[in-house]
Structure formats: C-alpha cells, structure tokens
Amino acid sequence: MAAIRAAGTKPEIRIRKALHAAGLRYRLNVTSLPGKPDIVLPRFRAVVFIHGCFWHRHECSLFRWPQSRTDFWREKLDGNAVRDQKALRALDEAGWRHAVVWECSLKGNEKLNFDETVHRLVAWIRSGEKSLDIRGK
C-alpha cells in the first residue's frame, strides 16, 4: 500500500489540466480543510475530490471486495467511507461546496465522455449549487 499515491493520480491530473484549460485556478491538497480535498477553488468556495472507486468503497463495476484478509479490508474501506462522510459534513458546515468525481466516470466500462464530464464540473463550479456527484453510467 505504500506505493499507492494519495495525490497526483492520473485521473486527478486529467481533471486538473482540464480545469486549468477552462481558465479556473485552484490550490491542491489543502490540509487545513476537512478531508484534504484534491482541488480547492477558493474564489468559488468549492472543493473537488477525485475518488478511486476501490479505496472509497464505491458500489460500481470497478469495486470488488478483496478475497484475502477480508476483515482487514472491510474495516479499512468502511473507515475510509465514514471519514469521507464526516469530511463532507464538516465542509458543509464551514460553508464550502463540494464535488466528487468517481474513478468509474473516467475509466472502465461505465466511463462517461471526458469533455462532458469536465463541462458538468465547470458548470457546477460556476453555478453556486451545493454539491455534485459524478459517477459512471
């Protein structure tokens, strides 16, 4: 697990480049905010999380429960999901808007059109809506 990146993943970099190309400027992995969001847009008071479906226990085609050490993995992944929910609640209470872009929306059988995904994300950032959840088909 030491080789698993917490930041700078391929899906995260793709989204960051697209947001920059759309003229949006952001900060990365701000540790002072709950959940250490991947992308923070202070001007819009918005944060974006790019979640891997396995690590954040997303029920989609990319997620499979491991067959070995099942107790360990169940505890670890359940803990991740609980922490995610706490972070989103804390961001809500602090007045931040949040979006979650799931890995399955960017790759695999359920992936969405990347340009449409970025367009939805940019429109949400500029809209002022409270939250956005982008999942695969």
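Values quoted throughout were computed directly from the atomic coordinates according to the rules given, and no laboratory measurement underlies them. All of these numbers come straight from a predicted model, not from anything done at the bench. Because the Cβ atoms are built from the backbone with ideal geometry, glycine has one as well, and the counts that use them run over all protein chains shown.
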Self-check item: Residues that are within 15 Å of the chain's Cα centre (by Cα) and more than 16 Å from LEU62 (Cβ to Cβ), drawn from segment 97-113
Solution: ARG97, HIS98, ALA99
Practice problem: Name every residue in segment 14-33 that is more than 24 Å from CYS104 (Cβ to Cβ) and not hydrophobic (A, V, I, L, M, F, W, C), in order of residue number. | Solution: GLY23, ARG25, ARG27, THR31, SER32
Quiz item: Which one is surrounded by the fewest Cβ atoms within 10 Å (Cβ to Cβ), of the residues in segment 113-132 that are under 13 Å from ALA18 (Cβ atoms) and among the acidic types (Asp, Glu)?
Solution: ASP115
Quiz item: Here are some residues: PHE44, PHE49. Which one is in contact (Cβ under 8 Å) with a residue 24 or more places away in the chain and in contact with a Pro (Cβ under 7 Å, 6 or more places away or on another chain)?
Solution: PHE49
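Based on what the data block shows, is VAL101 under 19 Å from THR9 (Cα atoms) and of a type in the set (Val, Ile, Thr)? Steps first, please.
Working: under 19 Å from THR9 (Cα atoms): yes; of a type in the set (Val, Ile, Thr): yes.
So VAL101 fits the description; yes.
Being basic (Lys, Arg) and surrounded by fewer than 17 Cβ atoms within 10 Å (Cβ to Cβ) is the filter; apply it to segment 50-80 and report the residue that is nearest to ALA18 (Cα to Cα). Write out each step before concluding.
Within segment 50-80, the first condition is being basic (Lys, Arg), and the residues that meet it are 57, 64, 69, 74, 76.
Then keep just the ones that are surrounded by fewer than 17 Cβ atoms within 10 Å (Cβ to Cβ); that gives 64, 69, 74, 76.
Values: ARG64: 29, ARG69: 38, ARG74: 34, LYS76: 32 Å.
Among those residues, the one meeting the criterion is ARG64.
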